[in-house]
Amino acid sequence: MSDFGQIYEENGKVVYYYLLSLSRDKNLAEELTQETMCRAIMNIESFRGESKISVWLCQIAKNLYFEWQNKNKRNVPLDESMRTELQARDVSEEITDKDTAAQILQHLHELDEPYKEVFMLHALGDIPLTQISKLFGKSESWARVTYYRAKAMITERLEGKQ
């Protein structure tokens with residue numbers, strides 16, 4: 001675990017996209033990604049190896065984002081013009097398309113916790129549901145159901161049903 005360059009290369013994008021989905025601000029996501037990596041370097045001895053390092057980094061990133069949000073009391077207005085009609089398609093396949101990804105992030109930002117976080121960790125962070133369940137201290141079936149409910153909510157919103 002001493003090669004932080006490799007850790008950054010392997011996990012930097014996951015952390016960045018996770019923070020981007022939380023903040024919807026590229027500059028803030030970049031800044032908090034850097035801060036996440038700095039904190040990880042300073043606290044690497046606290047990483048117990050019970051989960052992937054990306055899960056641990058995303059947890060640090062989430063805490064940093066919430067710290068930033070509390071300091072800045074930021075409320076992001078929702079832009080309803082981002083909605084489009086889509087045929088029933090798999091949301092995880094749509095993430096590769098940048099326009100659709102922006103719409104998914106818009107709708108994802110509207111979800112309540114824990115749906116938002118579970119979806120981001122699994123779909124954007126490529127973190128297995130087993131590790132997400134450990135992160136939340138819940139069962140694997142809870143993580144699976146929460147992910148699929150979040151996915152269904154986003155799909156409904158993309159299709160304009162809600």
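The values are calculated or read from the model by the stated rules, or taken from the named source; none is laboratory data. Model, not experiment: these values are computed from the prediction. Please note: Cβ atoms are built from the backbone with ideal geometry, for glycine as well, and neighbour counts cover all protein chains shown. All accessible areas refer to the heavy atoms of the entire protein, side chains included, with ligands and DNA or RNA removed. Shrake-Rupley method; radii C 1.70, N 1.55, O 1.52, S 1.80 Å.
Looking only at segment 9-36, how many residues end up being open to solvent by less than 20 Å² (accessible area, probe 1.4 Å) and either farther than 19 Å from ALA123 by Cβ or of a type in the set (Val, Ile, Thr) (or both)?
So the count comes out to 5.
Considering each residue of segment 42-74, count those that are within 19 Å of LYS116 (Cα to Cα), in a helix (DSSP H, G or I) and not hydroxyl-bearing (Ser, Thr, Tyr), and give that number.
15
For segment 119-133, enumerate the residues that are surrounded by fewer than 15 Cβ atoms within 10 Å (Cβ to Cβ) and either touching a residue at least 24 places away in the same chain (Cβ under 8 Å) or of a type in the set (Phe, Trp, Tyr) (or both).
ASP126 - this is the single residue of segment 119-133 that is surrounded by fewer than 15 Cβ atoms within 10 Å (Cβ to Cβ) and either touching a residue at least 24 places away in the same chain (Cβ under 8 Å) or of a type in the set (Phe, Trp, Tyr) (or both).
Do we find a residue being at pLDDT 80 or above and either assigned to a loop (DSSP other than H, G, I, E, B) or among the polar types (S, T, N, Q) (or both) anywhere in segment 75-82?
Scanning segment 75-82 turns up no residue that is at pLDDT 80 or above and either assigned to a loop (DSSP other than H, G, I, E, B) or among the polar types (S, T, N, Q) (or both).
What's the number of the only condition in (1) within 18 Å of the chain's Cα centre (by Cα); (2) modelled with pLDDT under 85; (3) open to solvent by 20 Å² or more (accessible area, probe 1.4 Å) that GLN6 fails to meet?
(1)
Given (1) open to solvent by less than 60 Å² (accessible area, probe 1.4 Å); (2) modelled with pLDDT of 75 or more; (3) within 16 Å of ASN11 (Cα to Cα), identify the lone condition not met by HIS107.
Evaluating HIS107 over (1) open to solvent by less than 60 Å² (accessible area, probe 1.4 Å); (2) modelled with pLDDT of 75 or more; (3) within 16 Å of ASN11 (Cα to Cα) leaves (3) as the failure.
I'm trying to understand the selection: among the residues of segment 22-41, which are outside any helix (DSSP H, G or I) and touching a His at 6+ places or on another chain (Cβ under 8 Å)?
Within segment 22-41, ARG24 is the sole residue that qualifies.
I need the full set of residues from segment 125-152 which are under 16 Å from the mean Cα position of the chain (by Cα) and of a type in the set (A, V, I, L, M, F, W, C), in order please.
ILE127, LEU129, ILE132, LEU135, PHE136, ALA143, ALA150
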